[in-house]
2 protein chains.
Amino acid sequence: MTPDEFRRYGHQLIDWIADYRAGVEARPVMARTHPGEIKAALPTAPPDTPEPFEAILGDLDSVVMPGLTHWSHPRFFGYFPCNGELSSVLGDLASTGLGVLGLAWQSSPALTEIEEVATGWLRQMLGLGDAWQGVIQDTASTSSLIALLCARERRTNYALARGGLQAEPRPLVVYASTQSHSSIEKAALLAGFGRENVRLIPHDDRFAMRPAALAEAIRDDEAAGRVPCAVVATTGTTSTTAVDPIDAIGPIAERHGLWLHVDAAMAGSAMILPECRWMWAGIERADSVVVNPHKWLGAAFDCTVYYVRAPEALVRVMSTNPSYLQTAADREVKNYRDWGIPLGRRFRALKLWFLIREQGVQGLQARLRRDLANARWFAGQVGATPDWTVLNQVLLQTVCIRHEPAGLTGDALDAHTRRWVEALNRSGRTCLTPAEVDGRWLARVSIGSLATERADVEAVWTLIREAAEQRT
Amino acid sequence: MTPDEFRRYGHQLIDWIADYRAGVEARPVMARTHPGEIKAALPTAPPDTPEPFEAILGDLDSVVMPGLTHWSHPRFFGYFPCNGELSSVLGDLASTGLGVLGLAWQSSPALTEIEEVATGWLRQMLGLGDAWQGVIQDTASTSSLIALLCARERRTNYALARGGLQAEPRPLVVYASTQSHSSIEKAALLAGFGRENVRLIPHDDRFAMRPAALAEAIRDDEAAGRVPCAVVATTGTTSTTAVDPIDAIGPIAERHGLWLHVDAAMAGSAMILPECRWMWAGIERADSVVVNPHKWLGAAFDCTVYYVRAPEALVRVMSTNPSYLQTAADREVKNYRDWGIPLGRRFRALKLWFLIREQGVQGLQARLRRDLANARWFAGQVGATPDWTVLNQVLLQTVCIRHEPAGLTGDALDAHTRRWVEALNRSGRTCLTPAEVDGRWLARVSIGSLATERADVEAVWTLIREAAEQRT
């Protein structure tokens with residue numbers, strides 16, 4: 001494609017995206033596609049000769065669009081907010097259009113240094129001290145894997161340089177709460193710990209990890225000759241946005257030599273609000289923290305920031321230095337290839353840098369406060385309505401609810417919950433994600449799409465009541 | 001940013017990218033930035049209030065541009081071609097603008113099914129049989145880590161579900177050639193194998209792995225009570241684009257129960273040319289293959305395709321199934337979250353789909369053949385010039401050369417090589433990457449940027465001669 005063709009089709013695509021965002025409200029929130037339907041609509045073999053670009057853009061409407069669940073819809077309340085602010089979309093476009101690559105600082109110095117600046121700005125916004133240094137990763141899943149790899153290596157005095165994990169005679173153990181994200185157990189298994197060495201610690205009545213139970217589990221493992229290695233605390237769990245008490249967990253981790261990793265993937269964004277920072281009190285004792293600006297904050301996916309207090313461990317675990325990557329500047333610069341798994345890196349910092357600058361810290365704070373107020377309002381409505389219950393402490397933007405009409409309990413209540421959520425999702429008028437907590441299903445209403453205003457929250461509450469109450 | 005503002009600034013940015021690509025030739029190829037220079041030019045704290053978007057776009061010229069090494073420059077011959085065809089840039093923009101996320105098939109069915117289609121098309125283009133299934137990953141580094149994790153788990157009968165790697169009494173061993181990419185050893189160390197259990201097998205006079213030496217190393221490990229686990233063969237090594245003999249390595253791997261992973265990150269793209277497919281003869285015996293469409297082929301970074309013949313092992317190692325991710329469609333669809341490390345996934349397939357359709361298979365083949373012919377021409381020129389040597393077998397688009405004037409040997413020759421390459425890079429007129437092979441430095445001339453024509457190769461040859469010959 002020539003630059004002039006790019007100009008023409010690029011303008012068309014920009015307009016198409018603007019139209020999409022402006023008009024997404026008119027679309028069904030959840031895709032109604034049947035499995036295999038999109039594949040069946042497409043050629044089984046690649047085209048031998050070029051296709052007209054108009055036809056390709058046309059397929060965005062005819063093939064792609066009907067197969068989407070619209071995360072930017074104002075009545076999307078599923079999973080978590082995955083906000084790609086339009087300014088951030090342009091930051092990402094600049095990155096892709098430039099097509100430069102980070103392999104070494106030298107392979108495009110701006111890519112590295114703007115990442116240092118943007119992650120440094122975000123650090124200040126989150127209220128983290130200046131001992132923390134950040135690096136952009138793709139996701140929290142990858143970041144938590146990196147944290148557990150570093151924990152494993154620090155605990156074994158960097159066995160990777162010798163006989164590896166198998167050379168360590170005593171089993172290493174990882175701790176997290178029963179409410180921690182599935183990516184934590186996955187990371188532990190990938191890092192080689194084994195499921196038998198992952199302890200899921202019970203939670204209190206607010207779904208937060210019980211520090212006393214953690215301490216007890218650690219003592220039991222030590223007594224049995226195992227080596228406690230890492231603990232993952234969550235600020236804002238996936239199911240209920242519960243907050244593990246880092247200020248109690250930190251000293252336990254320190255006393256027993258554990259790596260403390262804090263998964264603040266979702267709720268980390270809220271730390272730009274000083275009134276929320278109590279939620280991760282004690283954070284300065286952690287070894288690593290992961291925050292996803294690509295969730296609520298508004299950076300276009302994928303943009304996760306992984307902060308560490310002592311990058312030496314990270315660099316020692318991740319570094320490689322083959323001849324074809326060495327440059328004269330290496331001693332004076334950061335080579336972010338040594339801060340994560342991939343060697344090649346996009347210029348991801350642009351989308352974070354654009355977002356912060358175009359919104360300003362106050363602009364971002366105002367939007368998050370809007371969402372918190374909407375969540376409190378919604379929880380108030382639910383709590384004041386007969387037969388309805390709010391099941392979590394609404395500290396953040398997720399409200400966990402259940403319709404509990406008289407006489408319905410146990411499996412029958414579960415069936416009712418799943419039925420009305422499913423019916424609502426199928427209606428195309430909103431999207432909620434159900435979750436199972438302590439063996440019972442509930443509906444999560446996750447508020448915080450860019451476009452979601454109070455009127456949308458009011459509308460979804462009406463829709464929810466209709467869907468649930470007419471089904472009893 | 002409102003959709004209307006996005007329209008306005010988006011058009012500006014599209015034009016800016018078009019101008020950049022059309023005019024990149026006039027810029028110095030390599031950045032001349034000093035360490036810290038860009039950081040020093042930027043505010044140390046984030047802006048409290050919004051900045052005008054004009055100022056942000058303006059900084060692309062004033063702050064970002066001077067800090068870039070221009071990978072799309074027609075005289076960029078460094079590292080490897082990292083081509084972001086402009087059609088693919090638009091595919092990526094569509095993805096970012098839509099802002100939908102793959103967590104489950106249901107969370108946007110088109111994201112999953114177009115990935116199945118696009119990776120299926122590429123599979124056919126590469127001449128791989130229909131037993132292979134593909135998934136898009138970020139990079140080859142990550143893909144090779146995934147391969148070694150799967151190898152580790154298959155060999156231990158999925159110890160991750162029990163006591164993990166530590167529960168296995170006999171050390172597992174990984175094999176690769178001395179010329180394999182640094183990411184292979186890194187992957188082995190991250191997967192827990194330990195450096196003592198990584199065997200780097202010697203190469204023959206064409207820098208390819210010696211199968212007899214591999215077989216011998218495996219036998220030695222077995223005799224010592226260790227368990228051979230995986231072998232990584234490379235199609236097109238980084239330093240010299242050497243080709244490991246998969247047809248000889250495959251039967252050895254099979255006989256001893258090793259996982260065979262093929263790293264075709266760079267040269268995989270050449271397999272769309274039937275005349276190149278002899279290079280990975282025997283590929284159908286491999287367990288996994290990684291190919292980077294974001295290199296020579298032209299997909300915007302990041303777009304790596306990881307192919308496996310038996311996805312069961314991959315899914316068994318990577319799968320998680322928490323309540324909040326379960327959907328009614330799960331039994332009938334692919335959930336790509338179980339095919340890699342991250343849970344959240346971009347709609348990366350669009351950039352590959354757009355590329356293949358806009359270029360057509362023949363268009364892509366024609367460009368790669370142009371580059372191969374340029375490499376052969378260049379090697380011919382170098383080989384025919386007194387005091388100049390071509391050091392590799394030029395099967396692909398990389399030509400490894402050295403200026404060896406009479407009387408210069410050993411360290412003095414190395415110093416000469418590094419000096420003239422460095423001088424050339426500093427001149428801003430081209431960019432080459434030096435590499436150390438068997439203890440001696442050489443200059444790699446990696447041909448294949450989208451914009452690189454014969455005239456550019458002629459020009460770089462003149463520049464190289466000037467730089468080297470005037471320094472002796």
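The values are calculated or read from the model by the stated rules, or taken from the named source; none is laboratory data. Computed from a predicted model, the values in this text were never measured in an experiment. Neighbour counts are summed over all protein chains in view; Cβ atoms, including those assigned to glycine, are modelled from backbone coordinates with ideal geometry. The area values use the complete protein model at the heavy-atom level, side chains included, leaving out ligands, DNA and RNA. Shrake-Rupley method; radii C 1.70, N 1.55, O 1.52, S 1.80 Å.
If I ignore ligands, DNA and RNA and count only protein heavy atoms, how much of B:CYS276 is accessible to a 1.4 Å probe, in Å² to the nearest 10?
10
State, to one decimal in nm and shortest first, how far the label point of A:ARG170 sits from each corresponding label point in the other identical copies (label point: 7 angstrom along Cα-to-Cβ).
Computed spacing set for this position: 2.8 nm.
Name the helices (complete DSSP H segments) of chain A with a Cα length along the long axis of 20 Å or more and a Kyte-Doolittle mean of at least -0.5, or state none.
TM-like helix candidates: A:109-125, A:140-155, A:349-383, A:454-469.
From the label point of B:SER62, set 7 Å from Cα along Cα→Cβ, how far away are the matching label points in the other copies, in nm, ordered shortest to longest?
Going from nearest to farthest copy, the values are 4.7 nm.
Ranked from the most accessible area to the least, with a 1.4 Å probe and all protein chains present, what is the order of A:ARG219, B:ARG402?
A:ARG219, B:ARG402
Check which residues have an amide H placed less than 5 Å from B:ALA264's amide H, if you skip close sequence neighbours.
Distant-sequence amide H within range of B:ALA264: B:THR235, B:VAL290.
Might you tell me the accessible area per residue for the protein assembly as shown, computed with a 1.4 Å probe and given in Å²? Write out the running numbers ahead of the final one.
On the way: 29320 Å² over 944 residues.
I get 31 Å² per residue for the protein assembly as shown.
At a threshold of 8 angstrom on Cα-Cα distance, excluding pairs fewer than six apart, so keeping six or more, what relative contact order does segment A:235-277 reach in percent?
Dividing the mean separation by the residue count of segment A:235-277 yields 42 percent.
Distance cut-off 23 Å, Cα to Cα: go down the list B:LYS39/B:LYS295; B:LYS295/B:LYS351; B:LYS39/B:LYS351; A:LYS295/A:LYS334; B:LYS186/B:LYS295 and report the pairs above it.
Where the Cα-Cα span goes over 23 Å, the pairs concerned are B:LYS39/B:LYS295; B:LYS39/B:LYS351; A:LYS295/A:LYS334.
Tell me, what is the 1.4 Å probe accessible area of A:GLU332, in Å² to the nearest 10?
So the heavy atoms of A:GLU332 present about 130 Å² to solvent.
Measuring from centroid to centroid over Cα atoms, what is the spacing of segment B:343-412 and segment A:190-258 in Å?
51
Kindly provide the chymotrypsin sites (Phe, Trp or Tyr not before Pro) of segment B:388-472 that DSSP labels as loop, not H, G, I, E or B, and whose Cβ sees at most 10 other Cβ atoms within 10 Å.
On the way: sites: B:TRP388, B:TRP420, B:TRP441, B:TRP461; in loops: none.
Within segment B:388-472, no chymotrypsin sites (Phe, Trp or Tyr not before Pro) qualify (loop, at most 10 other Cβ atoms within 10 Å).
Tell me what chain B gives for mean residue ellipticity at 222 nm when only DSSP H runs of n ≥ 4 count, each as -39,500 (n - 2.57), the sum divided by the residue total, rounded to 500 deg cm²/dmol.
My calculation for chain B gives -13000 deg cm²/dmol from helical runs alone.
Counting only other residues whose beta carbon sits under 15 Å from that of B:ILE252, what net charge do I get with K and R as +1, D and E as -1?
Result for the neighbourhood of B:ILE252: -3.
How many angstrom separate the Cα center of segment A:91-118 from the Cα center of segment B:86-146?
Segment A:91-118 and segment B:86-146 have Cα centres spaced 23 Å from each other.
Leaving out ligands, DNA and RNA but keeping every protein chain, what accessible area does B:GLU37 have, in Å² rounded to the nearest 10, with a 1.4 Å probe?
90
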